[in-house]
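The values are calculated or read from the model by the stated rules, or taken from the named source; none is laboratory data. Worth saying up front: this structure is predicted, and the values here are computed from it rather than measured. Cβ placement follows ideal geometry from the backbone for every residue including glycine, while neighbour counts extend to all protein chains displayed.
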Amino acid sequence: MRLELIPRPERSALFAILSPIVALGVTLLFGVILFTALGVNPGRALYVYFVEPLTQSWSVEELIVKASPLILIGCGLAICFRANVWNIGAEGQFTIGAIFGSAIPILLPEATGFWVLPSMVVFGALGGGLYGLIPGILKTRFNANEILTSLMLTYVALLLLDFLVRGPWRDPGSFNFPESRLFGAPGTLPTMIGNSRLHIGVLFGLIAAVALAVMLRFSIRGFAIRLSGEAPRAARFAGFRQNRITMAVFALSGALAGLAGISEVSGTIGQLRPEISPGYGFTAIIVAFLGRLNPIGIVVAGFVLALTYLGGEAAQVSLGLSDKVTRVFQGMMLFSVLGFDTLIQYRIRFRRTVAIPPAGGSSHA
Amino acid sequence: MEAAPDSPPLLQVAGLTKRFGSLTACDAIDLSIGHGEIHALLGENGAGKSTLVKMLFGALAPDEGTVQWDGEPVLIKTPAEARRLGIGMIFQHFSLFEALSVSENIALGLDRGRGGPQLNATIRDISREYGLPLDPRASITDLSVGERQRVEIVRCLLQNPKLIIMDEPTSVLTPQEADILFVTLRRLVANGVSILYITHRLTEVVDLADKATILRRGKIVGSADPKAESVSSLARLMIGEEVAGSSKIAFGSDTTFGDDRLVLSDASLAADGQFGVALKSIDLRVRRGEIVGIAGVAGNGQHELFELISGERLSERANAVRIDGSDAGRLGVNQRRRLGAAFVPEERIGHSAAANLSLSDNVILTHHAVARDVNRNGWISRKAAQAVEERVGEAFDVRRAHADPLASSLSGGNLQKFVIGREVDREPGVLVVNQPTWGVDAGAARRVRDALAELARNGSAVLVISQDLDEIFEIADTIAVISDGRMSEARPAEKMSMEEIGLLMGGVHGEIGNAA
């Protein structure tokens with residue numbers, strides 16, 4: 001017996017919707033096996049992971065706080081992926097955004113004007129966007145593979161942050177701890193409701209999702225992005241320049257990642273530290289695919305993946321599981337989504353094994 | 001090494017027929033190939049050459065007819081069986097793994113356990129014997145096209161074939177590489193191997209072949225002794241005389257056309273990549289009300305010509321391409337559209353249209369730069385795009401399962417009607433179409449040709465690039481032939497002789513006497 005993939009005449013609308021749901025199911029099933037192997041009651045573990053975080057108001061707030069950077073970054077990445085541009089370096093763009101934005105409160109600690117916060121936000125987006133342009137330039141000028149360059153630039157960014165908070169930007173009063181000075185009130189994003197953790201940065205994700213959904217569907221620019229991803233030659237025939245699109249989506253997704261970065265340090269952390277992200281930039285890749293590369297779908301997917309972060313923390317505390325389990329979960333989810341996505345374009349047929357003719361020529365016949 | 005006169009021929013085919021739906025690709029083909037013979041199979045694109053060969057190689061099952069191998073009736077069901085009988089095939093496009101070495105590639109095609117150093121020695125022996133210089137340890141990536149073909153030939157020879165089928169072997173070779181190939185072929189024949197040689201290049205047939213069979217529209221229209229024929233008489237056989245009779249005399253030769261709407265002057269273009277063709281100083285004009293047909297065999301620069309005119313590739317000089325009096329050689333495709341030009345490329349999926357987008361999205365594809373109602377200051381009016389989609393669908397009878405479906409759900413003929421209709425709907429001043437009816441059914445072809453004719457009647461200039469000579473003779477007022485990136489002088493269709501077109505298509509430039 002042999003498995004064959006037969007192309008469908010038309011994309012399966014059913015599987016386009018079903019695929020992420022089935023993938024979630026398979027991931028949960030895998031979780032049961034994983035937890036059993038780790039000697040934990042799988043029912044209790046899944047409860048701790050996926051249900052408990054939703055039962056208390058503080059943890060729901062935390063969920064929103066964690067989901068918003070994922071949504072922001074995921075939306076930008078989805079635009080890239082739709083254009084067939086593979087930006088894997090959002091983690092680096094996030095980091096550079098955080099560094100650019102933080103420069104103002106760190107280098108100008110006396111500044112208290114109303115302009116401080118807006119310019120931090122703008123600087124953050126600018127930094128991420130510029131950093132995103134580097135792999136874009138390398139690709140369009142030198143035809144360098146953007147998957148490699150954007151990924152490698154991530155480590156450059158992380159090391160730069162590490163250098164800054166241990167060296168020139170370390171808070172003199174930090175007793176040698178590697179962290180910057182606290183931003184204080186002028187450099188902190190205000191909260192939306194009283195004393196909660198919900199800073200106004202969480203709105204950025206929702207705004208970006210709606211704006212990008214509108215752009216993709218209703219603007220010529222969005223059309224150019226969709227077309228160049230679907231059929232690059234047709235895009236050239238339509239008069240759209242591939243290189244410009246590549247640069248634009250890199251700048252856009254970098255800016256959104258940078259915005260997420262500055263929102264995170266300014267709204268949630270309040271200072272720069274060696275580690276400002278639990279891998280948001282990478283997890284957002286999963287978010288983008290789980291959300292069907294559709295900005296609105298990404299909002300939903302962002303919450304699902306945020307839940308795995310919260311669940312992972314809870315499982316660490318109450319079950320004594322390693323936080324690496326979270327990464328395994330997330331990887332499994334991406335793996336399943338991409339796997340089941342195949343069924344949108346193909347259907348499976350079982351066939352009895354037939355002998356393959358020996359020489360190579362027959363493949364053309 | 002001629003076989004004894006009373007022994008049966010190596011391969012004898014009688015009444016071989018293959019139908020695809022209503023199309024009879026091969027119609028009662030009789031063919032006989034002797035031992036140690038180079039047999040040329042000659043015909044235009046779509047004459048049925050490939051179908052016939054695929055049946056002989058076991059890649060297609062014939063509907064009717066018999067095949068005798070060395071006097072024994074055989075049924076060749078798979079390429080593996082063909083190889084067992086002793087039939088080898090060299091395809092036009094190679095199947096080699098670029099990352100592997102020559103000997104590794106060859107070992108892959110052999111039975112298990114024949115690799116290793118011994119194989120290297122065998123490869124060296126064979127390549128010496130047949131004049132095919134080849135290093136077994138070289139990796140395929142580093143080899144030229146001619147050398148890659150040698151790998152395929154050596155691989156084929158290791159199976160000890162009695163008959164080698166070669167599909168357009170020189171189409172990818174430089175003249176020098178082709179000469180080396182001919183030496184090899186003659187040596188093979190001297191060793192008693194027969195060769196079935198598929199080509200449309202007439203001079204090669206006259207130089208090389210012992211016998212020639214000419215196919216046209218799935219039927220054998222003649223077999224000849226090339227040594228006794230001239231290039232021009234072969235050309236006549238290949239193109240067929242009846243076409244000349246049907247050329248459009250009806251419109252008369254006194255038709256007058258208006259001013260020049262599309263002009264190419266001394267337009268050249270460098271070859272793009274390994275398989276690209278360079279365009280060499282092309283002059284052409286298309287006038288108001290005129291349909292100009294460009295004939296030629298595939299891969300002689302049609303694709304490049306289209307991209308040069310559409311602006312997907314730019315000319316060196318702005319005045320190399322002029323559209324309605326404006327220099328357009330340096331303008332992009334949308335600026336040329338704004339000058340009133342419209343283009344329909346050869347490939348429907350991936351170039352003309354995007355498969356996974358809806359038809360209305362595909363309207364936006366070519367209309368966004370010229371239609372104010374579709375593109376409102378950067379915002380799409382889906383309503384306007386759908387109106388165009390609906391209008392084209394009605395006018396061209398595009399069969400759709402529901403309103404505004406994905407382009408991929410349409411059949412080839414329906415999608416072709418749509419992409420032609422999409423441009424005709426704009427009422428362009430200049431329309432350039434590459435292969436307007438390639439691979440579409442007769443009904444769709446009819447509608448497309450009628451639309452082109454009507455567009456010209458209403459004053460547009462229409463340029464049709466086509467490999468279908470019947471089509472060109474049916475619709476074109478003026479005909480030019482492209483061959484190896486050169487354009488022949490355009491002449492009124494009724495003054496163009498069949499013989500001339502055949503020769504120009506076969507790459508024979510200049511005087512007939514010199515070539516033959």
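Can you pull out every residue in region A:194-221 that is of a type in the set (Phe, Trp, Tyr) and closer than 30 Å to B:ALA369 by Cβ?
Answer for region A:194-221, where residues must be of a type in the set (Phe, Trp, Tyr) and closer than 30 Å to B:ALA369 by Cβ: just A:PHE218.
Can you tell me which residues in region A:42-64 are in contact with a Leu (Cβ under 7 Å, 6 or more places away or on another chain) and either under 23 Å from A:LEU203 (Cα atoms) or among the small types (Gly, Ala, Ser) (or both)?
A:ALA45, A:PRO53, A:SER59, A:VAL60, A:GLU61, A:GLU62, A:LEU63, A:ILE64
Every residue in region B:1-48 that is part of a loop (DSSP other than H, G, I, E, B), surrounded by 21 or more Cβ atoms within 10 Å (Cβ to Cβ) and modelled with pLDDT of 90 or more, please.
Within region B:1-48, B:LEU10, B:GLU37 qualify.
Quick grid of which residues meet (1) surrounded by fewer than 18 Cβ atoms within 10 Å (Cβ to Cβ); (2) within 12 Å of chain A (Cβ to nearest Cβ):
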{"residue": "B:ALA342", "(1), (2)": "no, yes"}
{"residue": "B:SER352", "(1), (2)": "no, yes"}
{"residue": "B:ARG391", "(1), (2)": "yes, no"}
{"residue": "B:ASN414", "(1), (2)": "no, no"}
{"residue": "B:GLY421", "(1), (2)": "no, no"}
{"residue": "B:VAL430", "(1), (2)": "no, no"}
{"residue": "B:ASN434", "(1), (2)": "no, yes"}
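If you take the residues in region A:196-246 that are within 14 Å of chain B (Cβ to nearest Cβ) and aromatic (Phe, Trp, Tyr), which one is farthest from A:SER57 (Cα to Cα)?
My answer is A:PHE237.
Can you find even one residue in region A:201-209 that is of a type in the set (Gly, Ala, Ser) and free of Cβ contacts under 8 Å to residues at least 60 places away in the same chain?
no
Sort out which residues of region B:472-494 are under 15 Å from the mean Cα position of the chain (by Cα) and surrounded by fewer than 23 Cβ atoms within 10 Å (Cβ to Cβ), and write them in order of number.
The answer is B:SER483, B:ASP484, B:GLY485.
Scan region B:90-101 for residues that are surrounded by 16 or more Cβ atoms within 10 Å (Cβ to Cβ) and either more than 13 Å from chain A (Cβ to nearest Cβ) or modelled with pLDDT of 90 or more (or both) and jot them down.
Within region B:90-101, just B:SER101 meets the criteria.
Quick grid of which residues meet (1) crowded, with 19+ Cβ neighbours inside 10 Å; (2) within 21 Å of A:VAL32 (Cα to Cα):
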| position | (1), (2) |
| --- | --- |
| A:GLN271 | yes, no |
| A:GLY279 | no, no |
| A:GLY297 | yes, no |
| A:VAL300 | no, no |
| A:TYR309 | yes, yes |
| A:GLY312 | yes, yes |
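Mind listing just one residue for me: the one in region A:193-210 that is closer than 10 Å to A:ILE64 by Cβ and in a loop (DSSP other than H, G, I, E, B) and, of those, modelled with the lowest pLDDT?
Result: A:SER196.
Name the pairs whose Cβ atoms lie under 8 Å apart, with the first residue in region A:42-60 and within 17 Å of A:GLN316 (Cα to Cα), the second of a type in the set (D, E, K, R) and at pLDDT 90 or above, and 6 or more positions between them or separate chains?
Qualifying pairs under 8 Å: A:PRO53/A:GLU62.
Any idea which of B:ALA82, B:ALA107 is out of contact with any Cys (no Cβ under 7 Å at 6 or more places or on another chain) and either touching a residue at least 24 places away in the same chain (Cβ under 8 Å) or not aliphatic (A, V, I, L, M) (or both)? Walk me through it before giving the result.
Numbers: B:ALA107 fails: either touching a residue at least 24 places away in the same chain (Cβ under 8 Å) or not aliphatic (A, V, I, L, M) (or both).
Unique residue meeting the criteria: B:ALA82.
Please specify each residue of region A:293-304 satisfying the condition of being in a loop (DSSP other than H, G, I, E, B) and farther than 17 Å from A:TRP86 by Cβ.
Selection gives A:ASN294 alone.
Restricting attention to region A:70-123, which residues are in a helix (DSSP H, G or I), polar (S, T, N, Q) and surrounded by 23 or more Cβ atoms within 10 Å (Cβ to Cβ)?
A:GLN93, A:THR95, A:SER102
Conditions tested, residue by residue: (1) at pLDDT 85 or above; (2) farther than 13 Å from A:ILE286 by Cα; (3) within 14 Å of another protein chain (Cβ to nearest Cβ).
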residue	(1), (2), (3)
A:ILE298	yes, no, no
A:THR308	yes, no, no
A:GLN330	no, no, no
A:THR353	no, yes, no
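Quick one: how many residues across region B:313-364 are assigned to a helix (DSSP H, G or I) and more than 21 Å from B:ARG382 (Cβ to Cβ)?
7
Kindly evaluate A:ARG181 against the criterion of being outside any helix (DSSP H, G or I), surrounded by 16 or more Cβ atoms within 10 Å (Cβ to Cβ) and without any contact (Cβ under 8 Å) to a residue 40 or more places away in the chain. Show your work before the answer.
Working: outside any helix (DSSP H, G or I): yes; surrounded by 16 or more Cβ atoms within 10 Å (Cβ to Cβ): yes; without any contact (Cβ under 8 Å) to a residue 40 or more places away in the chain: no.
Answer is no for this residue.
Does B:GLY439 satisfy the condition of being modelled with pLDDT under 90, in the same structural domain as B:GLU304 (by TED's automatic domain parsing) and more than 21 Å from the chain's Cα centre (by Cα)?
no
Please enumerate the residues belonging to region B:371-384 that are under 20 Å from B:SER352 (Cα atoms) and facing another protein chain (nearest Cβ under 10 Å).
Those that are under 20 Å from B:SER352 (Cα atoms) and facing another protein chain (nearest Cβ under 10 Å): B:VAL374, B:ASN375, B:ILE380, B:ARG382.
Can you pull out the residues in region B:300-317 that are more than 10 Å from chain A (Cβ to nearest Cβ), under 22 Å from A:PHE240 (Cβ atoms) and either touching a Lys or Arg at 6+ places or on another chain (Cβ under 8 Å) or aliphatic (A, V, I, L, M) (or both)?
B:GLU304, B:LEU308, B:ILE309, B:LEU314, B:SER315
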